[in-house]
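So the structure is just underneath, and the comments pick up after that.
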């Protein structure tokens, strides 16, 4: 009889030591599989008893509660998990090989209006002001993932040359320019706050007042609290700031390939969630510059 938790642990080892997946990817897969196993354990269904129809039912329950992207990722986690089990335990069947397709919904990325971003970056007399402004500025102005901000080290920051050297997903390296005001905000925090807070040797750029490195959760909580302190009625997240960075560049005339490089997307298809901006810009250029638009219909 297969044990749910032991099977998930074996798969976790496969992801970490054989597939060499990134830590955040492994954590996402494990969250999906722990929720998946709980669903069947609560129904007293053993791992080897799971059937395709039951997996479909489970995915439909997710569809009612979670975003389309989260359900698609959970489906991928489940398929890969069962594929591993079939090979690892030499099982005869794979119940996830014939589950129903889930249609991918194409939604425009959610962004934050520029005036709200300006408010977030305005120096107010709030607690840990320089520290929080520096973090928000780097997230937005450089388009970083929250994990990239949290793991940013001193050796990756070139304030004199005004750029960051970011190690993204799949250890893909990219150079991201910094605006002069971003450089100033980071330098101000490092010289006036980080220097004072540093209690032991650390190479992380952003540390908390207790000297410990920031976490992903700290960033999410900080953004929510700062939004409330400034009286801004909006939901804010690191990924919305990243979307806003890309949208601002494209609205300003940047090429989609340039945005792909700055975001660290391995495939242009990932960046194409912003193509609605490109289409709008092309339509405006056509109406403005094409000579036939000056001619009246006869």
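Numbers at a glance
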{"quantity": "Members of the stretch 129-150 that are under 18 Å from residue 183 (Cα atoms) and either over 17 Å from the mean Cα position of the chain (by Cα) or part of a loop (DSSP other than H, G, I, E, B) (or both)", "calculated": "129, 130, 131, 132, 133, 134, 143, 144"}
{"quantity": "Conditions (1) surrounded by fewer than 17 Cβ atoms within 10 Å (Cβ to Cβ); (2) more than 23 Å from residue 260 (Cα to Cα); (3) out of contact with any strand residue (DSSP E or B) (no Cβ under 9 Å at 6 or more places or on another chain); number of the one not met by residue 99", "calculated": "(1)"}
{"quantity": "Hits in the stretch 152-168 (condition: under 14 Å from residue 186 (Cα atoms), in a loop (DSSP other than H, G, I, E, B) and in contact with a helix residue (DSSP H, G or I) (Cβ under 9 Å, 6 or more places away or on another chain))", "calculated": "152, 159, 160, 162"}
{"quantity": "Qualifying residue in the stretch 116-136 (condition: buried (at least 19 other Cβ atoms within 10 Å of the Cβ), under 27 Å from residue 175 (Cα atoms), touching a strand residue (DSSP E or B) at 6+ places or on another chain (Cβ under 8 Å) and at pLDDT 95 or above)", "calculated": "no"}
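The values are calculated or read from the model by the stated rules, or taken from the named source; none is laboratory data. What you see is a predicted model, and the numbers here were worked out from it, not measured in a lab. Positions of Cβ are generated from backbone atoms using ideal geometry, with glycine treated the same way; all protein chains shown enter the neighbour counts.
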